[in-house]
Amino acid sequence: MREGDRVKVRKGERVFEGILMPSRDDFIVIKLDNGYNIGISSEGAEIEVVEEARLEERAPKMEEVEPPFISIISTGGTIASKVDYRTGAVTSKFSAEEILELIPELREISRFRGRALFNILSENMKPENWVRMAKAVYEEIENGAEGIIITHGTDTMGYSSAALSFMLRTPVPIVFVGAQRSADRPSSDNVVNAVCAAHVAKSDIAEVSVAMHHTTSDDLVAIHRGTKVRKMHTSRRDAFKSINASPIALVEYPSGRIHVLDDYRRRDEVELDIYPRIEERCALLKFYPGAPPELIDYFVDRGYRGIVIEGTGLGHVSSEWIPHVRSAVERGLIIVMTSQCLFGRVCDRVYDTGRDLLKAGVVEAEDMLPETALVKLMWLLGNYSPEEARKLMKVNIAGEINPRSRGGVSFGF
């Protein structure tokens, strides 16, 4: 008996069946078919091996294909993960080839070419990874890809989708896709999300978008604009929501029928171009009651060039912060104000504190998400002078700003 074997454990009158996980001498741990682990005292337990673990087979190499094709750029994440039965942990290890082996329905939609860029969990993503992603996408489109799918961990997918929205002018669809549940779990959302992402990659929605479950059922996937999307729940399959915007479209599974909900840039409307430079010396700072204003000084003293503040309500901080904000602006930093509320619009002209912030030189982020504002500031400072960057923060470049705040938004699940 070894880890990975399918076993049946009898303990008194109860019987448990599942995959044997790393265990101790006094406890047996198995993964049940519902995806959860259970520990059973080995004292008095009878164990029967139902099926021995098979050695892992290498997925067949993806053949080189002629255009048109969809490129799958693999970066890791739960959609590309499974349980490592040596450790019991969920590890990211599927290449693009293995994803096609796991989801054969994809081959019925298009021809695919795979590119394993890196294999990391999304909490380990850095701005340098955004640059590598953008350059890889640019190369794949130059080489004839009619659409791009990027597999990515869900925790920081909103940052990456925003980054590529600013870095690339794309004539084809670029679709980020992830999963909330790993591929070995019966409740995994990877197949539905990936299949619907492939349908979008073949469509004329030539924007950077995110394809994730629209509801907890396996019938609809929402296509969110890359600059307006946020993960709003830790574990639900419908965790991703468009904030201050509607999704671009909904995709039916398994038919792939696309229902358009919002305007979008169409295929071949713009020529391919890339602006990959990023200024990493920018910070995202959340205000809270009692937060010391010296937090701003910390970043100023370390040579940072921009700070995005998550203020309260309409975009407020304590009056104690205002002299420190003014000093930072005078030393050349761009200070941008967003709201912790997420929904709605920053407006610092209503209350005295807000008006004082504007006089100190704060830039209002309109209805931008804090994460999107941070990425945009990094990108602007990497490509423009501080004066130009300051002006462009308030200009809609990649759908990150709506001219009017949207009403009728559903806040719950």
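None of the figures in this text is laboratory data; all of them are computed from the coordinates on show. Treat the numbers as computed from the prediction; the structure is a model and nothing was measured. Glycine also receives a Cβ, built like all others from the backbone with ideal geometry; neighbour counts cover every protein chain displayed.
Here is how the numbers come out for the structure above:
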read-out: Segment 69-274: C-alpha gyration tensor shape, a/c 1.5 cut-off, then a/b vs b/c; value: rounded
read-out: VAL363 long-range amide H proximity, modeled H, under 5 Å; value: ILE335, VAL336, MET337
read-out: Of LEU295, LEU314, LEU369, the one that fluctuates the most in a GNM where the chain has Cα springs shorter than 10 Å; value: LEU295
read-out: Percent of beta bridges antiparallel (DSSP, the chain, rounded to nearest 5); value: 55 percent
read-out: Cβ crowding within 10 Å averaged over residues, with 168-181, 250-263 ranked highest first; value: 168-181, 250-263
read-out: Three-way shape label, the chain, alpha-carbon gyration tensor, a/c 1.5; value: prolate
read-out: Candidates ARG230, ARG24, ARG281, ranked by Gaussian network fluctuation over the chain, Cα under 10 Å, top entry; value: ARG24
read-out: Karplus-derived HN-Hα couplings along segment 12-27 (A = 6.51, B = -1.76, C = 1.60, θ = phi - 60°), whole Hz, x at Gly and Pro; value: x, 8, 9, 10, 10, 10, x, 8, 5, 9, x, 10, 9, 4, 9, 9
read-out: Interchain or long-range residues, amide H under 5 Å from ARG266's placed H; value: ALA206
read-out: Fluctuation leader among PHE69, PHE16, PHE343 - the chain, Gaussian network, Cα springs under 10 angstrom; value: PHE16
read-out: Shape category assigned to segment 300-413 from the gyration tensor of Cα positions, a/c cut at 1.5; value: oblate
read-out: 31 Å Cα-Cα threshold exceeded, pairs from LYS241/LYS376; LYS126/LYS228; LYS241/LYS359; LYS231/LYS394; value: LYS241/LYS359
read-out: Calculated from backbone phi, Karplus (6.51, -1.76, 1.60) coupling profile of segment 231-244 in Hz, x at Gly/Pro; value: 7, 10, 8, 6, 9, 5, 6, 9, 5, 8, 9, 7, 9, 6
